[in-house]
Amino acid sequence: QVQLVESGGGLVQAGGSLRLSCAASGRTFSGLNMGWFRQAPGKEREIVAAISRSGGSIYADSVKGRFTISRDNAKNTVYLQMNSLKPEDTAVYYCAADLSLMLKRTTNYDYWGQGTQVTVSS
C-alpha cells in the first residue's frame, strides 16, 4: 500500500503561482511513477503531468511551459510547480502513484491521494 497526501492548494489570482506537494509513504518511493491529475466540476479527471522513476516527464498540452513536475526521492515527495495560472486551471488536483513500468497518461494509476483544491480567480 502507498499513502499519498497532497498539500499546497489554495486561492490565487490569474497569473499567479502555486506549488503543490505530495508526500508518499508505505513503499519505496523511487520505485514508483508519479502523476498529477485534476478534475473540474462536471468534467472528467485528466492528466496534468507525470514523472517516471528515472525522472522523465510528460505534460498535458494545456499546461506545457507553465507547469513543472519534479520529484525528490530523498523526501519521498513529488511536486507540481504551477506558474501563469489561469481560471481554467481551477480544479481539484490529485496525486497518484503507479507501479507500472510505463509512464501513463491515463487514470489507471494504482494509488490516489485525497486531492487538494486549486482555485484561480480572474
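The values are calculated or read from the model by the stated rules, or taken from the named source; none is laboratory data. Keep in mind that what you see is a predicted model, and the values were worked out from it rather than measured. Cβ atoms come from the backbone with ideal geometry, glycine included; neighbour counts cover every protein chain shown. Quick note on the areas: whole protein, heavy atoms, side chains included, nothing else; ligands and nucleic acids left out. Shrake-Rupley method; radii C 1.70, N 1.55, O 1.52, S 1.80 Å.
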List, in order, the whole-Hz ³J(HN,Hα) value for each residue of the range 88-95 obtained from phi through the Karplus relation with A = 6.51, B = -1.76, C = 1.60 and θ = phi - 60°; use x for Gly and Pro. 6, 7, 4, 4, 8, 9, 10, 9
Determine the dipole magnitude for the range 53-100: charges of +1 sit on the beta-carbon of Lys and Arg, -1 on that of Asp and Glu, nothing else is charged, the reference point is the Cα centre, and the result goes in debye to the nearest 20. 160 debye
Taking the Cβ of F29 as the centre, find all other residues whose Cβ is under 11 Å away and add up their charges (Lys, Arg: +1; Asp, Glu: -1). +3
Between G115 and residues 5 or more places away or on another chain, which pairs have amide H atoms under 5 Å apart, with H built 1.01 Å from N, and which residues are they? E6, C95
For the chain, report the accessible area per residue in Å² (1.4 Å probe, heavy atoms, rounded to an integer). 50 Å²
How high is the relative contact order of the chain, in percent, with contacts defined as C-alpha pairs under 8 Å that are six or more residues apart? 36 percent
Of all accessible surface on the chain at a 1.4 Å probe, what whole percent is carbon and sulfur? 48 percent
Mind putting a number on the dipole of the range 1-62 about its Cα centre? Charges go on the C-beta only, +1 for Lys and Arg and -1 for Asp and Glu, and I need it in Debye to the nearest 20. 140 debye
Go ahead and set up a Gaussian network model of the chain, Cα springs under 10 Å, then flag whichever of L85, L101, L32 fluctuates most. L101
Test item: Cα-centred dipole of the chain, Lys/Arg +1 and Asp/Glu -1 on Cβ, debye: 180 debye
